[in-house]
1. Tell me, which helices (runs of 4 or more DSSP H) wholly within region 239-316 include 1 or more residues that are modelled with pLDDT of 85 or more and of a type in the set (A, V, I, L, M, F, W, C)?
2. Can you tell me which residue among THR74, THR59, THR64 is of a type in the set (Val, Ile, Thr) and touching a Cys at 6+ places or on another chain (Cβ under 9 Å)?
3. Starting from region 118-130, take each residue that is more than 8 Å from ASP68 (Cα to Cα) and list its partners that are among the small types (Gly, Ala, Ser) and not in a helix (DSSP H, G or I), counting only C-beta distances under 6 angstrom and pairs at least six apart or across chains.
4. It is to be established whether one or more residues within region 282-296 are under 28 Å from PHE169 (Cβ atoms), within 16 Å of the chain's Cα centre (by Cα) and surrounded by 15 or more Cβ atoms within 10 Å (Cβ to Cβ).
5. Do we find that LEU193 is in contact (Cβ under 8 Å) with a residue 60 or more places away in the chain, crowded, with 17+ Cβ neighbours inside 10 Å and assigned to a loop (DSSP other than H, G, I, E, B) in this structure?
6. Whether any residue in region 157-180 is of a type in the set (S, T, N, Q), assigned to a helix (DSSP H, G or I), without any contact (Cβ under 8 Å) to a residue 12 or more places away in the chain and surrounded by 13 or more Cβ atoms within 10 Å (Cβ to Cβ) is what I want to check.
7. What tally of residues in region 1-36 results from selecting those that are modelled with pLDDT under 85 and either small (Gly, Ala, Ser) or in contact with a Gly (Cβ under 8 Å, 6 or more places away or on another chain) (or both)?
8. Is there a residue being polar (S, T, N, Q), outside any loop (DSSP other than H, G, I, E, B), out of contact with any helix residue (DSSP H, G or I) (no Cβ under 9 Å at 6 or more places or on another chain) and more than 25 Å from ALA15 (Cβ to Cβ) anywhere in region 210-232?
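The values are calculated or read from the model by the stated rules, or taken from the named source; none is laboratory data. Fair warning: this is a prediction, and the values are worked out from it, not measured in the lab. No Cβ is skipped: glycine too gets one built from the backbone with ideal geometry, and neighbour counts run over all protein chains shown.
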Amino acid sequence: MISKVIGNVKKSTVAKAYLTMLAVYVFSCIIQPNYFSKVYLEDMLVMASILGVLALGQTIVILTGGIDLSIIWTMNLAAVIVCAFQYNGRNAFLAFLVSLAVCVAIGVFNGIGVAILEVPPMVMTLATQSIVYSITMVYTDGNARGVSPDWLRWLSTGRILGIRNILIFWLLIILFTAFVLKKTIYGRKLFALGNSVRVSRFSGINNNLVLIGVYVVSSIAAMFAGFMFTGYLGYSYLSMGENYELPSIAAVVIGGTSILGGRGSYTGTVAGAILLNILTGFLNNLQMEASTKKIIYGMIIIVVLMVYNREKKIKS
């Protein structure tokens, strides 16, 4: 029985991600005993939820063999829009609708570029990132104004039965995403497209429509991540998502999703997001600079990819 469980763990990249996450947490607690506290654990999970929601969109895109480098400034733009509407005394629901419309437009733009114009995803989303950055600067005149509305503060800092609302929100997203990827036709289309564009097309799947939808989902996930971060801070600022670009990719890779597409899960990404936030807290405690953290995140991606390629060669 035990050997069977061990064998299943060895075969599961998701199980390995959670075991690694647990090992890193225990190690960090040994170095810093206060990390065992409920306060630290709760705050760490709150920050992990923001990265986790942002990495949701990255997971969906990477499953199709693409990548989305525009999510950081999409996240920023959504945050500054909702705060600017609050600053100008406009309706909160209108702020949500405008942010949603803008983010959907960004996703459609990315999707059309990748699916129909056949621009490589990295090039397309990098160009979009530059465009969204410029739009954000023009819209804010280089100065983000306003504070987060009350409903965002409630979402990010409020509690229901003693549990943070933001964690409940993330749990609902995890369950919904896992269901969509595992139990729906849409989820099967994503994996089919990631495994082979040609076979997917011959199977009757509208690849263009699926790809456009994928980038729209990615932009909407970035919007919600921006909302969550803004609600947590109480305000928005320019480049608030700058430190999330590499971690959003690293969380996906650590969680076992193949960077080539066609293989992976969001539940694995969740483990990756939590692990990276534990690591971030530990590195902050060591007073490491942001540039050093980026080097470490990059090295993590490289090491995980090397391990994945080695395991694939052994199995083949």
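1. Values: elements: 245-254, 266-285, 290-315.
Ranges flagged: 245-254, 266-285.
2. On the way: THR59 fails: touching a Cys at 6+ places or on another chain (Cβ under 9 Å); THR64 fails: touching a Cys at 6+ places or on another chain (Cβ under 9 Å).
Being of a type in the set (Val, Ile, Thr) and touching a Cys at 6+ places or on another chain (Cβ under 9 Å) holds for just one of THR74, THR59, THR64, which is THR74.
3. THR128/SER70; GLN129/SER70
4. Scanning region 282-296 turns up no residue that is under 28 Å from PHE169 (Cβ atoms), within 16 Å of the chain's Cα centre (by Cα) and surrounded by 15 or more Cβ atoms within 10 Å (Cβ to Cβ).
5. On the way: in contact (Cβ under 8 Å) with a residue 60 or more places away in the chain: yes; crowded, with 17+ Cβ neighbours inside 10 Å: yes; assigned to a loop (DSSP other than H, G, I, E, B): no.
Against the criterion (in contact (Cβ under 8 Å) with a residue 60 or more places away in the chain, crowded, with 17+ Cβ neighbours inside 10 Å and assigned to a loop (DSSP other than H, G, I, E, B)), LEU193 does not qualify.
6. Step one: of region 157-180, the residues of a type in the set (S, T, N, Q) are 157, 165, 177.
Filter once more, keeping what is assigned to a helix (DSSP H, G or I): 157, 165, 177.
Remaining after also requiring without any contact (Cβ under 8 Å) to a residue 12 or more places away in the chain: 165.
Narrowing the set further to residues that are surrounded by 13 or more Cβ atoms within 10 Å (Cβ to Cβ) leaves 165.
The answer is yes, given that some residue of region 157-180 is of a type in the set (S, T, N, Q), assigned to a helix (DSSP H, G or I), without any contact (Cβ under 8 Å) to a residue 12 or more places away in the chain and surrounded by 13 or more Cβ atoms within 10 Å (Cβ to Cβ).
7. Residues that pass the stated criteria total 10.
8. Applying the first criterion (polar (S, T, N, Q)) to region 210-232 yields 218-219, 230.
If we keep only those that are outside any loop (DSSP other than H, G, I, E, B) too, we end up with 218-219, 230.
If we keep only those that are out of contact with any helix residue (DSSP H, G or I) (no Cβ under 9 Å at 6 or more places or on another chain) too, we end up with none.
No, region 210-232 contains no residue that is polar (S, T, N, Q), outside any loop (DSSP other than H, G, I, E, B), out of contact with any helix residue (DSSP H, G or I) (no Cβ under 9 Å at 6 or more places or on another chain) and more than 25 Å from ALA15 (Cβ to Cβ).
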